[in-house]
Structure formats: C-alpha cells, structure tokens
1. Answer yes if at least one residue in the stretch 188-199 is of a type in the set (Ser, Thr, Tyr) and within 23 Å of PRO91 (Cα to Cα), and no otherwise.
2. Have a look at GLY145, GLY219, GLY181, GLY194 and point out the one that is at pLDDT below 95 and under 21 Å from the mean Cα position of the chain (by Cα).
3. Would you confirm whether any residue within the stretch 154-162 is in contact with a helix residue (DSSP H, G or I) (Cβ under 9 Å, 6 or more places away or on another chain) and surrounded by fewer than 21 Cβ atoms within 10 Å (Cβ to Cβ)?
4. Can you name every residue in the stretch 220-238 that is of a type outside the set (A, V, I, L, M), closer than 10 Å to VAL167 by Cβ and open to solvent by 40 Å² or more (accessible area, probe 1.4 Å)?
5. List the pairs whose first member sits in the stretch 136-152 and is under 16 Å from MET236 (Cα atoms), whose second member is open to solvent by 40 Å² or more (accessible area, probe 1.4 Å) and not in a helix (DSSP H, G or I), and whose Cβ atoms are under 8 Å apart, counting only residues at least 6 apart or on separate chains?
6. Consider the stretch 177-200. How many of its residues are assigned to a helix (DSSP H, G or I), in contact (Cβ under 8 Å) with a residue 24 or more places away in the chain and open to solvent by 30 Å² or more (accessible area, probe 1.4 Å)?
7. Any chance you could count how many residues in the stretch 20-74 are assigned to a helix (DSSP H, G or I) and closer than 28 Å to VAL114 by Cβ?
8. Which of the residues belonging to the stretch 94-133 are without any contact (Cβ under 8 Å) to a residue 40 or more places away in the chain and more than 18 Å from ASP56 (Cα to Cα)?
Amino acid sequence: MAQLKNATIPGSLGGRLAELTPERIALGLTTYIVLLFSLSFHEAAHAWAALRMGDDTALREGRISLNPIVHIDLIGTVLLPLMMFVSSGTPLFGWAKPTPYNPANFRRDRSLAVGHVTVASAGPISNLILATIFTALLFVAVRLGLIHSERDPALILLAAGVQINVVLAIFNLVPLPPLDGSKVASFGLPPALGEAYDRLMGPYGAWILLILFATGALGAVLAPITGLLTTLLFNMAL
C-alpha cells in the first residue's frame with residue numbers, strides 16, 4: 001500500500017501536448033466517463049433539491065437523471081474536456097447545462113432564501129458525496145488486494161473519481177456568477193450584505209470569473225485547497 005501513497009492520474013499535471021498512445025486514449029476515455037457521471041450527478045442533485053423545495057420544472061425537463069445526454073453543454077461537456085485531453089491526456093474538468101428551476105414554485109413553508117441555498121448547494125454537496133464514495137471504494141479495493149500498481153486501471157478510475165469531484169465541488173463553491181457559490185452567497189448572507197453582493201456581482205461577476213479563469217489566478221487560488229483535500233482523501237484510502 002505504501003507504494004500507492006503518491007498515486008495520481010498519469011498526465012493530469014502535464015502542460016505539453018499528450019502523446020496519443022493506446023494507453024493514453026484509454027486513460028482519457030476512462031476519466032471522461034467519470035467526469036460525465038460526476039457532472040450528471042451534480043445537475044441531477046440540483047433538480048432533485050428543487051423538487052424537494054416544491055418546484056418540478058427540472059423534473060418536467062427530464063433533468064433528474066444520470067443520463068449525460070440531458071445535461072450536456074457543448075463547451076463545458078464536450079469541447080473543454082476534448083481540449084484538456086489533447087493537451088494533457090486527462091479531461092479532469094468541465095461543466096454541464098445549468099439546471100432550471102422556478103423559485104415561485106417553492107413550498108410556502110420554506111423561505112425563498114432557504115430554497116435558493118438548498119438548490120444551489122445541492123450540486124457541490126453531491127460532488128463531495130461522490131468524492132467520499134470513490135474514496136471508500138478505493139479503500140476497499142486496496143485492502144482486498146485488487147490494486148497492484150500505480151498503473152492499475154481500478155486505481156486510475158477511482159482516483160479520477162476522487163480528484164474530479166473534489167475539483168467540481170470546490171470550483172462550484174466559488175462565490176462568482178454563474179457558479180453555485182454565488183447563489184449561496186447572495187441568499188445565505190444577511191439581507192443587506194446579500195443586496196450589496198448582488199449589486200456588485202450582478203453586472204461584473206461573470207467577467208471577474210472569466211478573467212480569473214483565463215489568467216490562471218483562479219487555479220492558483222483553488223489548487224492548494226483541492227490538492228489538500230484530495231491528498232487527505234487519498235491518505236485515508238491508501
């Protein structure tokens with residue numbers, strides 16, 4: 001087990017174009033399948049939470065589903081992972097089509113703020129749950145002797161599940177529109193602070209996010225957090 005302590009997905013940190021060997025292609029496809037499942041689980045969690053709050057908009061659109069087809073976004077689910085696959089060999093990040101909901105349909109026994117925060121936080125929470133599940137499966141696989149090396153397909157699949165879901169959870173909690181964290185901040189803060197937040201982030205939040213993402217500043221801020229949490233989970237499993 002000691003030899004697996006530093007396990008990670010091969011090529012996930014690479015900066016040059018990946019050599020498309022059969023092994024690399026298999027790795028990319030495996031990682032992409034885990035990404036699709038994780039994104040679908042995330043959006044289905046939003047839809048399920050909205051239904052629990054009394055709104056069936058997403059249900060009527062078929063979004064309470066793990067079928068990735070109903071959640072696909074051309075850029076976030078197809079083009080970006082493809083670009084990551086070509087550049088590094090492992091599509092570790094993406095996003096799906098936002099899940100629609102109508103707060104006017106929320107149950108009257110819950111405040112509007114509670115409904116918004118519940119629906120918004122359901123996505124990141126679902127990814128943390130998946131990361132924990134993948135960690136538990138990795139723990140069991142190692143203890144049963146099912147993983148024998150850092151190139152073992154089972155290790156690659158389970159490690160991808162941990163890494164991808166940690167990244168999705170932390171990224172989506174960033175309090176900038178259109179990410180889930182913006183709704184949590186807007187409706188979770190005291191009313192006066194929430195209104196001030198909306199006045200600032202409403203017109204500028206998406207641009208701030210785009211600039212931070214394009215310059216790499218967002219990655220530089222989030223990498224220590226995702227790295228620490230991923231390492232913690234790996235240490236628990238291995």
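1. no
2. On inspection, the qualifying residue turns out to be GLY219.
3. So far as the stretch 154-162 goes, yes, one or more of its residues are in contact with a helix residue (DSSP H, G or I) (Cβ under 9 Å, 6 or more places away or on another chain) and surrounded by fewer than 21 Cβ atoms within 10 Å (Cβ to Cβ).
4. None - no residue of the stretch 220-238 is of a type outside the set (A, V, I, L, M), closer than 10 Å to VAL167 by Cβ and open to solvent by 40 Å² or more (accessible area, probe 1.4 Å), so the list stays empty.
5. Taking only residues 6 or more apart or on different chains, the pairs are VAL142/MET1.
6. 4
7. Total meeting the criteria: 21.
8. Result: ILE129, ILE133.
The values are calculated or read from the model by the stated rules, or taken from the named source; none is laboratory data. Please read all numbers here as calculations on a predicted model, not as lab measurements. Positions of Cβ are backbone-derived with ideal geometry, glycine not excepted, and every protein chain shown enters the neighbour counts. Just so you know, the surface numbers come from the protein's heavy atoms only, side chains and all, with ligands and any DNA or RNA stripped out. Shrake-Rupley method; radii C 1.70, N 1.55, O 1.52, S 1.80 Å.
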